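The values are calculated or read from the model by the stated rules, or taken from the named source; none is laboratory data. Just so you know, these numbers come straight off a predicted model, no measurement behind them. Please note: Cβ atoms are built from the backbone with ideal geometry, for glycine as well, and neighbour counts cover all protein chains shown.
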């Protein structure tokens, strides 16, 4: 099950970009997974808790966006979009579809951090809460 090593790689990558300290808590991590990426989203989701256990990401949600295959039929040239598993067939002529523009992705897309203020406002807010959400000179946190 290579999804566990992928989950560990996601954790490692996120930790390299999260500011150190107890206030920088990760709430969620978003990834996009192409149909042809060779990753089973349910298996990746299952492995997430094990990969984040004992790390600053423990308790963070993993949000997986499935990216459909976008390709062109090798026989008639029609474009096709599908999330079905291979083999991929053209809806027009039933010919084979070759992936050309999307469907092989495995990308880390978002990291949502807790801003630490505890009042429900978002990073970069203008509410001026006591914990410094309103950044000095208009700079984001």
Pick from 78, 53, 135: which is surrounded by 13 or more Cβ atoms within 10 Å (Cβ to Cβ) and either in contact with a helix residue (DSSP H, G or I) (Cβ under 8 Å, 6 or more places away or on another chain) or at pLDDT 85 or above (or both)?
78
Within segment 10-39, can you find the residues that are free of Cβ contacts under 8 Å to residues at least 40 places away in the same chain and either closer than 14 Å to residue 51 by Cβ or not assigned by TED's automatic domain parsing to the domain that holds residue 107 (or both)?
12
I need the full set of residues from segment 9-36 which are surrounded by 18 or more Cβ atoms within 10 Å (Cβ to Cβ) and either over 28 Å from residue 101 (Cα atoms) or within 13 Å of the chain's Cα centre (by Cα) (or both), in order please.
10, 11, 14, 26, 29, 31, 33, 34
Flagged in segment 94-111 as surrounded by fewer than 16 Cβ atoms within 10 Å (Cβ to Cβ) and within 16 Å of the chain's Cα centre (by Cα), in numbering order, are 104, 107, 108, 109, 110
For residue 71, indicate whether it is assigned to a loop (DSSP other than H, G, I, E, B) and either assigned by TED's automatic domain parsing to the domain that holds residue 112 or in contact (Cβ under 8 Å) with a residue 12 or more places away in the chain (or both).
no
Of the numbered conditions (1) part of a strand (DSSP E or B); (2) over 30 Å from residue 26 (Cβ atoms); (3) at pLDDT 90 or above, residue 109 satisfies every one except a single condition; which is it?
(2)
Of everything in segment 37-47 that's surrounded by fewer than 21 Cβ atoms within 10 Å (Cβ to Cβ) and in contact with a strand residue (DSSP E or B) (Cβ under 7 Å, 6 or more places away or on another chain), which residue is nearest to residue 88 (Cα to Cα)?
37
